[in-house]
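What follows is a single structure, written as structure tokens, with notes after it.
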Amino acid sequence: MDPKAQEQIALSRMYERLAQMRAEAVTHRDDARFSSDGTPAGRFNRDALQHRYSQQISAFTAAEAKLAFGRLDTDDGESLHIGRMGLTDGTTERRQLLIDWRAPSAAPFYTATAMNPLGVRRRRHIRTKRDRVEAVADEYLQADAQAVARDDLGSAGDSALLEALNAPRTGRMGDIIETIQAEQDRIIRSDRNGVLVVQGGPGTGKTVVALHRAAYLLYTHRERLGGHGVLVIGPNQTFLSYIGQVLPNLGESSVVLATMGTLFPGVNARLPEAGPTAEIKGRLSMSKVIDNAVLHRQILPKRAIAFTYDRGRLRLEPSLLIKARRQAWASRLPHNRARQIFLRVVLDGLAKQVVGRPGVKQMEEYAGGADYAEIRKEMAADPAVHEALAGLWPPLTAPELLSELYSSVRRICFATPGWPQRDRDLLHRTEPDAWTAADVPLLDEAAELLGPVGSVDRAQVQARAEELAFAEKTLDAMNSSQSAEADLGINFTLGMVTAEQLAVMNEEEAAYLSTADRAAADREWTYGHVIVDEAQELSPLAWRMVMRRCPMRSMTLVGDVAQTSDAAGTSSWAKAMNPHVRDRWRLEELTVNYRTPAEIMQVATPVLAAIAPTLTAPISVRTSGFAPWTLRVSETELPRAIAAAAARELQSYSEGQLAILVAPGQQHSVLTAVRALVPHASAMAGLGHRVVVLEVVSAKGLEFDSVLLIEPADIIADLPNGLSDLYVALTRATQRLGILHAQDLPEVLATAT
Ligand SMILES: Nc1ncnc2c1ncn2[C@@H]1O[C@H](COP(=O)(O)OP(=O)(O)OP(=O)(O)O)[C@@H](O)[C@H]1O
């Protein structure tokens, strides 16, 4: 039979089965609506079931657009279809209709070669449009077979890849499950344990590979990772919107996307930080500064404090305070918890003063039993005692500690012994809680040392233990009812909640929250796996914060040390990792550039050589046929020339995106100039914006069909990592690059002219 017709039969069968499964999930979700018996547990179960079926329906919808894309025929006569999800035929025999791309048996689709066929006789690429097969193309991998047989796609895998790479950009990253390359597949399926650093030049697929790795790990270790979730940290919100759909489209939802600025719950730090200040705040030694800032709040008065209490005069002697502090320190508890001990010892000392005082009539009631606890309680509620103790070992939140530090020259001075004055001046600021991303690791550091404000009493602990026991029973029941779905390879919500989380929900009778929602709201949440993109930008202190989120050290860190912009970022992975994991991290490299065509890389490569002579530029997988161009005009003509070039670019293609990349501080004026001819030009990248004007730093990680780079001399001037920013800017285009300038071009761009 004609292979296309043959594949059409198989694909139709898969879509039928998907429709059947979706109908079942819709029925289950609707039935679940009425399943509550009105008790908190019943309501919870109802919400959990509805959530589970809604998730299934979303995953089916995500898979529907392109359910299957490949087929492997093996030496032993087996034939496997590969697609977005696993499907069995729904009979008792559970015949496999489709294998999830992440299953071990699908791996040869990405890695088998003619040299090393891995038992594969034929690899078939199937191009579909929803449930219709449009084309098939076969590769024969056995040495004695034809190298490439029929192809109505061109040369099979390569042409699928080139088609994906040449497609116009939409402002949203797509998945690559049909065209994952062997070096990428090795990283995606690499062992979950330990810290994996992926170094790769621009466009080598670091981001897309890291996201597919998250999907792979969630699929392979569903029970362990589903409940803890995966954290993905990216450089800014625009980037998170750009990548935000990739994992949901792969059917995965237990993922929290965050920037460093949003990683501390309750704080959204979006303000920029000046380079020198960012560098200081990112130093590891800042943890000692925060430590000192806390210590400063534990300083005691040198003289006794005398005050009148309801039952007579009392004195807070320095010796009593010092004893209280010693005991509080000995507890090794965080500041707010240790405060309870401090207060207890102080109140105890005061109570002794009262009880021990001879001839105090009112105290007779305490004689004999000397019930200090009783007196302590009474004193703790007394306004005069409160006033006397105010300011001694105060309860503090992290934002309070930090903003009070920044606003006080005296506190900064105490916390930074031996520092040069100019560095101290950089910490001081008049708007102390105008948070920047560089403050966030400091807030986290402070929160660790302070602990939560308020105490947990024994009754609460007991109640919580009971909630937990109940939650564990509920989870057992839920998990056993999921085995049928697990068999289908759709193992959705196993481990979606832990007993601990469930207990919180029952306790609060809260509506069902996903792992991602709960994790994002909890500073102390520890994730099953952490992915950091543009990892070269993180400061040493930021790494401490990230490591806290993942005590198991199951991490994937992707980046390029040649693209570092942040003054506190790194130029060496060893330098970044060693303080945290010593040499227990492994390095993988990606070497092929899938984004930037060869013509543009020729211009960018000398810039890389100037940044890091030891790094090799990635090799472009294709050419675009468009030569990069430069245009020099006078300073006054430049705005009009930019607008005219933008308008020309837009006319030259009907789809895709154009980015105009500028130096810091020039976005507004360039946008105004461009709007004279292109009124819809936007200051924000994203879906539906065909023309955007961005500072280079906001274009990190993004890509556009065409790029106009404005005044490179300004991009490299005054910035600690200006050459890196220039390299980033040059490597954003998938097709075309133009450079407009009034000043001399930097020497590193000599090849552009
Ligand atoms: N195997 C592949 N199949 C199809 N497209 C791919 C493949 N690998 C990478 N790409 C595409 O190449 C482009 C660059 O990928 P990505 O953004 O992940 O690179 P990067 O290494 O993170 O780049 P940068 O460091 O410059 O931000 C994206 O459009 C991505 O979808």
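Condition test on Ala685, is it surrounded by fewer than 24 Cβ atoms within 10 Å (Cβ to Cβ) and within 16 Å of the ligand (Cβ to nearest atom)? When the stated conditions are applied, Ala685 passes them. Looking only at the stretch 699-721, how many residues end up being farther than 21 Å from Val633 by Cα and surrounded by fewer than 21 Cβ atoms within 10 Å (Cβ to Cβ)? Qualifying residue count for the region: 3.
Quick one: would you say Asp2 is modelled with pLDDT of 85 or more and out of contact with any Cys (no Cβ under 7 Å at 6 or more places or on another chain)?
Numbers: modelled with pLDDT of 85 or more: yes; out of contact with any Cys (no Cβ under 7 Å at 6 or more places or on another chain): yes.
Yes, satisfied.
What number of residues in the stretch 166-186 are part of a loop (DSSP other than H, G, I, E, B) and more than 10 Å from the ligand (Cβ to nearest atom)? Total satisfying the criteria: 4.
Restricting Ala733, Ala717, Ala742 to those that are closer than 30 Å to Glu163 by Cβ and small (Gly, Ala, Ser) reduces the list to Ala733.
If you go through the stretch 594-620 and keep only what is farther than 16 Å from Gln563 by Cβ and polar (S, T, N, Q), you end up with Gln602, Ser620. Pairs are defined by a Cβ separation below 8 Å, a sequence spacing of at least 6 or placement on different chains, a first member in the stretch 288-311 that is over 30 Å from Pro441 (Cβ atoms) and not assigned by the TED database to the domain that holds Ala338, and a second member that is small (Gly, Ala, Ser) and not in a strand (DSSP E or B); no pair meets this definition. What tally of residues in the stretch 637-690 results from selecting those that are modelled with pLDDT of 95 or more, among the β-branched types (Val, Ile, Thr) and not in a helix (DSSP H, G or I)? Here the count works out to 2. Any chance the stretch 537-548 includes a residue that's away from the ligand (no atom under 11 Å from the Cβ), over 19 Å from Ala446 (Cβ atoms), surrounded by fewer than 20 Cβ atoms within 10 Å (Cβ to Cβ) and touching a residue at least 12 places away in the same chain (Cβ under 8 Å)? No; the residues of the stretch 537-548 include none that is away from the ligand (no atom under 11 Å from the Cβ), over 19 Å from Ala446 (Cβ atoms), surrounded by fewer than 20 Cβ atoms within 10 Å (Cβ to Cβ) and touching a residue at least 12 places away in the same chain (Cβ under 8 Å). I'm trying to understand the selection: among the residues of the stretch 421-441, which are in contact (Cβ under 8 Å) with a residue 40 or more places away in the chain and either among the small types (Gly, Ala, Ser) or exposed (fewer than 15 other Cβ atoms within 10 Å of the Cβ) (or both)? Selection gives Ala434, Ala437, Ala438.
Residues of the stretch 734-751 that are assigned to a strand (DSSP E or B) and away from the ligand (no atom under 11 Å from the Cβ): Gln735, Arg736, Leu737, Gly738, Ile739, Leu740, His741.
Evaluate the following for Arg172: is it within 30 Å of Thr731 (Cα to Cα), modelled with pLDDT of 90 or more, not assigned by the TED database to the domain that holds Trp101 and not aliphatic (A, V, I, L, M)? First the steps, then the outcome.
Values: within 30 Å of Thr731 (Cα to Cα): yes; modelled with pLDDT of 90 or more: no; not assigned by the TED database to the domain that holds Trp101: yes; not aliphatic (A, V, I, L, M): yes.
Judged against the criteria, Arg172 is not a match.
Checking each residue in the stretch 195-220 for being over 20 Å from Gln245 (Cβ atoms) and either in contact with a helix residue (DSSP H, G or I) (Cβ under 6 Å, 6 or more places away or on another chain) or more than 6 Å from the ligand (Cβ to nearest atom) (or both) picks out Val195, Leu196, Val197, Val198, Gln199, Gly200, Gly201, Thr220.
Determine which member of the set Ile716, Ile739 is β-branched (Val, Ile, Thr) and in contact (Cβ under 8 Å) with a residue 60 or more places away in the chain. Break it down stepwise before answering.
Values: Ile716 fails: in contact (Cβ under 8 Å) with a residue 60 or more places away in the chain.
The match here is Ile739.
Does the stretch 603-617 include one or more residues that are at pLDDT below 95 and closer than 17 Å to Ala167 by Cα? Within the stretch 603-617, none of the residues are at pLDDT below 95 and closer than 17 Å to Ala167 by Cα.
Filtering the stretch 549-575 to residues that are in contact with a Pro (Cβ under 8 Å, 6 or more places away or on another chain) and away from the ligand (no atom under 16 Å from the Cβ) leaves Ala567, Ala568. For the stretch 221-233, the criterion of being in contact with a strand residue (DSSP E or B) (Cβ under 6 Å, 6 or more places away or on another chain) and within 13 Å of the ligand (Cβ to nearest atom) is satisfied by at least one residue. Each residue in the stretch 592-635 was checked for being in a strand (DSSP E or B), crowded, with 16+ Cβ neighbours inside 10 Å and within 16 Å of the ligand (Cβ to nearest atom), and 3 of them qualify.
The values are calculated or read from the model by the stated rules, or taken from the named source; none is laboratory data. Note that the coordinates shown come from a computational prediction; the quantities given were computed from them, not determined experimentally. Neighbour counts run over all protein chains shown; Cβ positions are idealised from the backbone, glycine included.
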